[in-house]
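Report on one structure; see the data block that follows.
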Amino acid sequence: MKTVGWLLLALLLLFALGLSFLIHPLMGLFMMLLMVGAFWWAARRKKKVDRVLAEVARQTDLRVERRRLAYNILRGTFQGFETEIRIRGTSDASVGTQLTALSGDAAWSTMDIRNVTTIRMKHGLPLQKKTRLSSRIVATPTEAVLVLPYIPQDPNDVLAGMRQLARRINQYAKTLRAVS
């Protein structure tokens with residue numbers, strides 16, 4: 001389904017470019033330069049972020065899953081936890097979230113979904129429901145998720161987040177053992 005969407009978007013852009021050339025050659029040239037500039041900017045930004053993720057992967061022995069049109073994903077084991085690091089954006093929000101945003105009371109806050117970095121670690125803790133471990137960390141019955149509300153420009157930000165998440169999981173596990 002995504003492929004069909006990308007294909008329709010490409011056809012729409014080509015149609016708009018062709019129409020611009022039909023209206024006036026200078027307008028078509030301007031539109032072509034604008035489109036090329038936008039694609040160049042997006043490719044440069046993706047390349048920068050992918051370099052940061054590659055550096056994190058190099059330092060932590062995570063494997064990089066390369067994606068052509070989206071940011072790369074890191075997967076592997078970090079400090080004994082199965083880990084996944086990915087960049088999520090507005091397009092990753094579920095349709096239900098977006099529809100609720102259009103009709104609900106919190107429409108503006110829900111639609112303000114920006115690019116975020118998520119670090120997920122499977123923990124194996126005996127949790128029955130979602131538990132908030134800190135202001136940026138939520139633990140579900142199977143995994144804990146840390147959300148960085150930005151796209152990292154420095155590998156140390158991601159590494160610090162990974163260490164913080166692993167430390168919080170270990171602290172929570174010790175707390176659960178002490179209680180029982």
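At a glance:
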| read-out | value |
| --- | --- |
| Residue within region 2-22 that is on the phi < 0 side of the Ramachandran plot, under 22 Å from the mean Cα position of the chain (by Cα) and among the hydroxyl-bearing types (Ser, Thr, Tyr) present | yes |
| Considering residues of region 158-180 that are in contact (Cβ under 8 Å) with a residue 40 or more places away in the chain and under 16 Å from GLN128 (Cα atoms) only, the residue surrounded by the most Cβ atoms within 10 Å (Cβ to Cβ) | ILE169 |
| Breaking point among (1) crowded, with 16+ Cβ neighbours inside 10 Å; (2) at pLDDT 85 or above; (3) touching a strand residue (DSSP E or B) at 6+ places or on another chain (Cβ under 6 Å); (4) within 21 Å of TYR71 (Cα to Cα), for PRO155 | (3) |
| All positions within region 50-69 that are in contact (Cβ under 8 Å) with a residue 12 or more places away in the chain, of a type outside the set (S, T, N, Q), farther than 12 Å from ASP154 by Cβ and in a helix (DSSP H, G or I) | ASP50, ALA54, ALA57 |
| Any hit, region 22-33, residues being within 27 Å of ILE151 (Cβ to Cβ) and part of a helix (DSSP H, G or I) | yes |
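The values are calculated or read from the model by the stated rules, or taken from the named source; none is laboratory data. Fair warning: this is a prediction, and the values are worked out from it, not measured in the lab. For neighbour counting, all protein chains shown are included, and Cβ atoms are generated from backbone atoms with ideal geometry for every residue, glycine included.
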